[in-house]
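Quick notes on the structure that follows.
The values are calculated or read from the model by the stated rules, or taken from the named source; none is laboratory data. None of the values given here were measured: they were computed from a predicted structure. Cβ placement follows ideal geometry from the backbone for every residue including glycine, while neighbour counts extend to all protein chains displayed. Each accessible area value is taken on the protein alone, full model and side chains, heavy atoms only, with ligands, DNA and RNA left out. Shrake-Rupley method; radii C 1.70, N 1.55, O 1.52, S 1.80 Å.
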Amino acid sequence: MLSYWRLHKYPILLVIGSMLFYASFAYDLHRTDYIKLLTLFCGLFFFCYKIIQFEKWNFKFLLVAGILFRLIFFIAEPNLSQDFYRFIWDGELIKNGINPYLHTPDQLMEQSNFSIANADELYAGMGSIHAKHYSNYPPVNQLFFALASILGGGSMLGSIIALRLISILGDLGALYFGRKLLQKLNRPGHMAFWYFLNPLVIIELTGNLHFEGTMLFFFLWALYLFSCNKWWWAAPLYAISIMVKLVPILFLPILLKYLGLKKSATFYVLVGLGCIVLLLPFYSPSFLENYSDTVGLWFSNFEFNAGIYNGIKKIAVHFYEAKPWELIKSYGTVVIKIMAIVILLLTFLRKNQNLQTLITSILLALSLYYFMSSTVHPWYIVFLLGIAILTEYRFPLVWSFAIVLSYQAYSNPDYKENLWLLAFEYILVMGIFIYEMTTKGSKKLYFPKN
């Protein structure tokens, strides 16, 4: 033990410092205290950088550190997002035989005979936006919510712990297949720890219980099977990834050249059938209408941490007297059309026959979508980061740090954003994006350096 301490003294101290910072983040931070949040986040990022720099070839050390950081949050209630109230609400509905896609919380709370565990606390905690809309979480996500409610046994803390364990298992799976893919791509395996030890990933997934890591796990597993020429086994995993979050739907056309016409057609059919099977337990005549209307709200009603949209909105409102509530609806429609064109261009103009080019095309598609989107919550970047570690591009890693600027909105009761901070965030990230896209590999950003 003494010799190990001598060899790894500084990394161990950095891990202990990180654990103290994560403990403060989990148990002694209110999201309105932005200065403290910013300080802790920046400190954790610095510790992450130094730990990987010191121990990047020590797999066991980095694995144990990542698990310890996550266990710090084990009994903590999420403090940056109230979405977990809706997760548990939906899980309790399913446990009681109620379809979460058919009734809004407002409608259910008006029924005199309605009863689920912790109904009043969950309803009050989720907020008015969740309360008046049908659930927008896909079926596999709902199954995880239901499992957590069953394992939680009617206890809020029990359900939170169960959701947290699912999230941690998802991250471990993403790490496993991320390293496998890095080996296939002849890239250093330690790059996977820029995901696994990343403070944004730990805080937003383990801490705040979002499921981007679980979606990434199934997606990377499918990519790994692609690399092993087992694309038929990848189809159900790809379908599960879609049914955790919908994001992977974007990339289906890009697979065309990689699989070839006949294989891709079969793959699309298998993925479609997989999605239908997963949807069947929740299907009813009004399901599609309710779900599509709720998902559509994200394109036409909500704005948070937007990049290009904020610039367009500022110009349109200031110079052309546009009405913001009308602008965002038309903007969402335009983004969908632009993304359709981008996906087609990436599908037919890039040589996606090899895995590395395919993954890079996926990264580009998702990056452009987030640059244009009117809503980019911090946890959205987690999936982008998980894809980026498989490529030579590092702007998503910079974004996973710079996105801390968007948390400033949480310090205001009405979530009023500081557009100067958001402008700095996007100028920085887009500047590095353009630099990396226009520069040869030898000048791209690499982390860490010794």
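In debye, nearest 20, what is the charge dipole magnitude of segment 305-450 about its Cα centre with +1 on Lys and Arg Cβ and -1 on Asp and Glu Cβ, if you could check?
420 debye
Rg/Rh for segment 1-42: what does it come to with C-alpha atoms and Rh from Kirkwood?
Reported Rg/Rh (Cα atoms, Kirkwood Rh): 1.20.
For the chain, calculate the relative contact order in percent as a whole number, restricting contacts to Cα pairs under 8 Å that are 6 or more residues apart.
16 percent
Running Debye on segment 64-118 with equal point scatterers at the Cα sites and no solvent, what base-10 log of I(q)/I(0) appears at q = 0.17 Å⁻¹?
These q points yield log10 I(q)/I(0) values of -0.67.
Please report, for the Cα atoms of segment 1-90, the Rg to one decimal and the Dmax as a whole number; what are they, in angstrom?
Reported Rg and Dmax, both Å: 15.4, 51.
Rounded to whole Hz and in sequence order, give me ³J(HN,Hα) for segment 238-246 from the Karplus expression 6.51 cos²θ - 1.76 cosθ + 1.60, θ = phi - 60°, writing x for Gly and Pro.
Here the 3J(HN,Hα) series is 5, 5, 4, 4, 4, 7, 7, 9, 7 Hz.
Applying a 10 Å radius around every beta-carbon, put 373-379, 208-214, 101-107 in order of their mean neighbour count, most first.
Descending mean neighbour count gives 208-214, 373-379, 101-107.
If you bin every alpha carbon distance in segment 268-309 into 5 Å steps from zero, what whole percent lands in each bin?
5, 17, 16, 18, 16, 11, 12, 5
How do 270-279, 414-423 rank on mean C-beta neighbours within 10 Å, highest first?
270-279, 414-423
Rg/Rh for segment 132-212: what does it come to with C-alpha atoms and Rh from Kirkwood?
Using Cα coordinates only, the ratio equals 1.08.
Once ligands and nucleic acids are excluded and a 1.4 Å probe is used, how much of residue 110 is accessible, expressed in Å² to the nearest 10?
Only protein atoms counted, so the area is about 150 Å².
Taking H placed 1.01 Å from N in the peptide plane, check which residues at least 5 places from residue 375 or on another chain put their amide H under 5 Å from its amide H.
Counting only residues 5 or more places away or on other chains, the set is 304.
Please report the Cα spread of segment 150-294 along all three principal axes, rounded to whole Å, starting with the longest.
50, 49, 24
For segment 367-381, what does the Karplus curve 6.51 cos²θ - 1.76 cosθ + 1.60, with θ = phi - 60°, yield as ³J(HN,Hα) per residue in whole Hz, taken in order and with x for Gly and Pro?
Per residue, the Karplus-derived 3J(HN,Hα) values read 4, 5, 5, 5, 4, 8, 5, 8, 9, 9, 5, x, 5, 4, 5 Hz.
What whole-number distance in Å separates the alpha-carbon centres of segment 391-424 and segment 230-269?
Measuring centre to centre over Cα atoms gives 32 Å.
What residues have an amide H closer than 5 Å to that of residue 58, excluding those fewer than 5 places away on the same chain, when H is modeled at 1.01 Å from N in the peptide plane?
Answer set, sorted by chain and number: none.
How fast does the chain diffuse by Stokes-Einstein, in µm²/s, taking the Kirkwood radius from C-alpha pairs at 4 °C and 1.567 mPa s?
57 µm²/s
For segment 287-436, place one equal point scatterer on every Cα, skip the solvent, and apply the Debye formula. What is log10 of I(q)/I(0) at q = 0.19 Å⁻¹?
Normalising to I(0) and taking log10 leaves -1.28.
Using Cα positions and a limit of under 19 Å, work out the lysines in reach of residue 416, with same-chain residues fewer than 8 apart set aside.
Straight-distance partners of residue 416: 36, 313, 314, 323.
Tell me the per residue accessible area of the chain using a 1.4 Å probe; a whole number in Å² is fine.
Solvent-accessible surface per residue comes out at 44 Å².
Keeping all protein chains in the complex and leaving out DNA, RNA and ligands, what accessible area do you get for residue 251 with a 1.4 Å probe, in Å² to the nearest 10?
Its heavy atoms expose roughly 0 Å² to the probe.
Over the alpha-carbon set of segment 24-69, divide Rg by the Kirkwood Rh and report the Rg/Rh ratio to two decimals.
Computed over Cα atoms, the ratio is 1.09.
So what's the convex hull volume per residue for the Cα atoms of segment 229-280, in Å³?
Output value, Cα hull per residue: 63 Å³.
Output the relative contact order of segment 111-178, whole-number percent, from Cα pairs under 8 angstrom with separation of 6+ residues.
23 percent
Between segment 151-218 and segment 16-35, what is the C-alpha centre distance in whole Å?
20 Å
Hey, what do the phi angles of segment 217-233 turn into as Karplus ³J(HN,Hα) couplings, whole Hz, using 6.51/-1.76/1.60 and θ = phi - 60°, x for Gly and Pro?
Listing the rounded values in order: 4, 5, 5, 5, 4, 5, 4, 4, 5, 4, 5, 9, 6, 10, 5, 5, 6 Hz.
In vacuum, with every alpha carbon of segment 34-129 counted as one equal point scatterer, what does the Debye formula give for log10 I(q)/I(0) at q = 0.14, 0.23, 0.24 Å⁻¹? Two decimals, please.
Debye output, listed in q order: -0.72, -1.17, -1.24.
Over segment 243-376, consider all pairs of different Cα atoms and compute the Kirkwood hydrodynamic radius from their mean reciprocal separation; express it in Å, one decimal.
16.9 Å
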